[in-house]
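Bear in mind that the values in this text are calculations on the coordinates, not laboratory data. None of these values were measured; they are calculated from a predicted model. Note that we place each Cβ from the backbone using ideal geometry, even for glycine, and neighbour counts take in every protein chain shown.
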Amino acid sequence: MATTESDSLHGRKQLHVAMFPWLAFGHILPYLELSKFIAQNGHKVSFLSTTRNIQRLPTLPSHLSPLINLVKLTLPHVQELTQNAEASMDLRTGETHDHLKRAFNGLQPEVTRFLEEESPDWIIYDFAPYWLPSVAAGLGISRAHFSIVTPWFIAFLGASTDDLINGSDDRTTAEDLMAPPKWVPFPSKLCYRKHEANLVMDLIVCL
């Protein structure tokens, strides 16, 4: 039997939660699964992504679709970006994520306008929109970062949450990632190989 909104909330306030994943289906689909979980508990979800990505999502379960609003955003044009590319899977072989990240950052005005007009209670966001926490805070919207990667991956990126937020890591090249992080408090030889370090730098350096 499908769970109704009144059954799942048990008298609690219905929340409006906005979701804003990075433009890669390895991020979009986990965010969609989290959206379903939130909706199963009777809360309203606004799922923000670009038009083409929204069109490629799997069909929502019929009992949850009234609670999940798929919000189509218009990805700004970046001349160097592959035509019609709106997710990492659309990039040509060997093409970096730099131009896709530039286009993604161009979504700031539209996302800000959505937050101003819809005033969700929460926004859950991915690693890429460095500008979003301050925008949400200025509008009085609670915010949370949902990471789809494993704890060990995050441990390689910074010694603490503050370091990750403030960008205090002084490693700036792929070669810097090819040695164990200096904050690991025990002997370790674990580090990235060159092709792995190049990929990580491509993904985490935002323009």
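Grab the beta carbon distance between Asp202 and Leu139, set R0 = 22 Å, and tell me the FRET efficiency rounded to 0.05.
0.10
How would you rank 179-187, 124-132, highest first, on the average number of other Cβ atoms within 10 Å across their residues?
Going by the mean number of other Cβ atoms within 10 Å, highest first, we get 124-132, 179-187.
My understanding is that a pair violates if its Cα-Cα distance is over 29 Å; which of Lys36/Lys72; Lys36/Lys182; Lys72/Lys194; Lys13/Lys101; Lys36/Lys101; Lys101/Lys194 do that in this structure?
Lys36/Lys182; Lys72/Lys194; Lys13/Lys101
Between [x] 14.7; [y] 13.8; [z] 40.4, which entry matches mean projected area of the Cα convex hull in nm² as derived from the coordinates of this structure?
Checked against the structure: label [y].
Lys189: which aspartates and glutamates have alpha carbons under 17 Å from its alpha carbon, excluding same-chain residues fewer than 8 sequence positions away?
In chain and number order, the partners are Glu175, Asp176.
Relative to the longest principal axis of the chain, what angle (0 to 90°, nearest 10) does the C-alpha long axis of helix 25-40 take?
30
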